[in-house]
1. Which of the residues that make up region 209-229 are among the charged types (D, E, K, R) and in a loop (DSSP other than H, G, I, E, B)?
2. Please find, within region 172-208, the residue that is farthest from F5 (Cα to Cα) out of those that are in a loop (DSSP other than H, G, I, E, B), within 16 Å of ligand 2 (Cβ to nearest atom) and in contact with a strand residue (DSSP E or B) (Cβ under 7 Å, 6 or more places away or on another chain).
3. Kindly establish whether V75 is in contact with a Lys or Arg (Cβ under 7 Å, 6 or more places away or on another chain) and within 16 Å of ligand 2 (Cβ to nearest atom).
4. Would you be able to say whether some residue in region 90-105 is out of contact with any Leu (no Cβ under 6 Å at 6 or more places or on another chain), within 16 Å of ligand 2 (Cβ to nearest atom) and not aliphatic (A, V, I, L, M)?
5. Could you check region 143-161 and list, in sequence order, the residues that are of a type in the set (D, E) and either in a helix (DSSP H, G or I) or surrounded by 20 or more Cβ atoms within 10 Å (Cβ to Cβ) (or both)?
6. Restricting to region 117-139, name every residue that is hydroxyl-bearing (S, T, Y) and closer than 19 Å to S157 by Cβ.
Amino acid sequence: MKYDFHLHSALSPCGDSDMTPNNIVGMAYVAGVEVIAITDHNTVGNVRAAQIAGEKLGIKVLAGMEIETAEEVHVLTIYPTLDIARQVGKIVYEHLPSVKNKPEIFGHQYYMNENDEIEGEEEKLLISPTTLSIEDVFNIVKDAGGFAAPAHIDRHSYSVLTNLGFIPEELNAEWIEISYRVDSVKEYMKSRPDLAKYKVLRNSDAHYLKDIAAREFHLPCEIEELFGK
Ligand SMILES: [Zn+2]
Ligand SMILES: [Zn+2]
């Protein structure tokens, strides 16, 4: 099953304004992707619209969120239901500092409906680190029944390996995300034998339509297994 579990909508300030619910699922459809997750920075605000849009094309849209920890590490999270995602989203929002977005610098943060109409704009800057530690984030997400993985660990910014140097054992992490930039996971893993025990997800981390499923990845398990079932 072709998947892409790391996609930013127009609600992420760095996400292109063309990343509307219908454009995202439409692009996934064209690319032959069957299941996607919307993972905006520290919010699940555009997930519902994308789910409704996805239903029309037969694309399954999972509720997700890319949470930024106090250590400025990005954690990719996915949830079994939208309700659970919203509960975690509320906690994350409460731990996001009250810094106002400057759209002219960071970009707009648009809430959209299933018809791609702008319903509002988030005023709080969503790309700030939360006050939650990486351990807090893993605990909150896993207690809620969700999936959590250190995001794009191969990248030089916002990655657990860059910021902490290792993956803390206390997280009990089972999965890691390796970005599309890495050509061969096999070669990459050879250089990091300490990561051999982790299962690997690969995603586009698309902020622009053209980047969705730019490389083809097949889901290495059933969706339910992500949630430990
Ligand atoms: Zn990230
Ligand atoms: Zn991202």
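Bear in mind that the values in this text are calculations on the coordinates, not laboratory data. A quick note: this is a predicted structure, and the numbers were derived from the prediction, not measured. Methodologically, a virtual Cβ is constructed for each residue, glycine included, from the backbone with ideal geometry; neighbour enumeration extends over all protein chains shown.
1. First, the residues of region 209-229 that are among the charged types (D, E, K, R): 210-211, 215-216, 222, 224-225, 229.
Residues satisfying the conditions are R215, E216, E222, K229.
2. So in region 172-208, the residues in a loop (DSSP other than H, G, I, E, B) come out as 172-174, 180-184, 192, 196-198, 204-205, 207-208.
Retained after the next criterion (residues that are within 16 Å of ligand 2 (Cβ to nearest atom)): 180-182, 204-205, 207-208.
The next check asks that each one be in contact with a strand residue (DSSP E or B) (Cβ under 7 Å, 6 or more places away or on another chain); those that pass are 180, 204-205.
Working: Y180: 12, S204: 8, D205: 8 Å.
Restricting to residues being in a loop (DSSP other than H, G, I, E, B), within 16 Å of ligand 2 (Cβ to nearest atom) and in contact with a strand residue (DSSP E or B) (Cβ under 7 Å, 6 or more places away or on another chain), the top hit is Y180.
3. Numbers: in contact with a Lys or Arg (Cβ under 7 Å, 6 or more places away or on another chain): no; within 16 Å of ligand 2 (Cβ to nearest atom): yes.
Against the criterion (in contact with a Lys or Arg (Cβ under 7 Å, 6 or more places away or on another chain) and within 16 Å of ligand 2 (Cβ to nearest atom)), V75 does not qualify.
4. no
5. So in region 143-161, the residues of a type in the set (D, E) come out as 143, 154.
Answer for region 143-161, where residues must be of a type in the set (D, E) and either in a helix (DSSP H, G or I) or surrounded by 20 or more Cβ atoms within 10 Å (Cβ to Cβ) (or both): just D143.
6. S128, T130, S133, listed by residue number.
Yes or no, residue by residue, for (1) surrounded by fewer than 24 Cβ atoms within 10 Å (Cβ to Cβ); (2) closer than 21 Å to S179 by Cβ; (3) of a type outside the set (V, I, T):
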site	(1), (2), (3)
H6	no, yes, yes
Y29	yes, no, yes
G54	no, no, yes
T69	no, yes, no
Q87	yes, no, yes
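Here is a yes/no grid of residues against (1) loosely packed, with under 15 Cβ neighbours inside 10 Å; (2) over 16 Å from the mean Cα position of the chain (by Cα); (3) without any contact (Cβ under 8 Å) to a residue 24 or more places away in the chain:
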{"residue": "E122", "(1), (2), (3)": "no, yes, no"}
{"residue": "P193", "(1), (2), (3)": "yes, yes, yes"}
{"residue": "K197", "(1), (2), (3)": "yes, yes, yes"}
{"residue": "H218", "(1), (2), (3)": "yes, yes, no"}
{"residue": "E222", "(1), (2), (3)": "yes, yes, yes"}
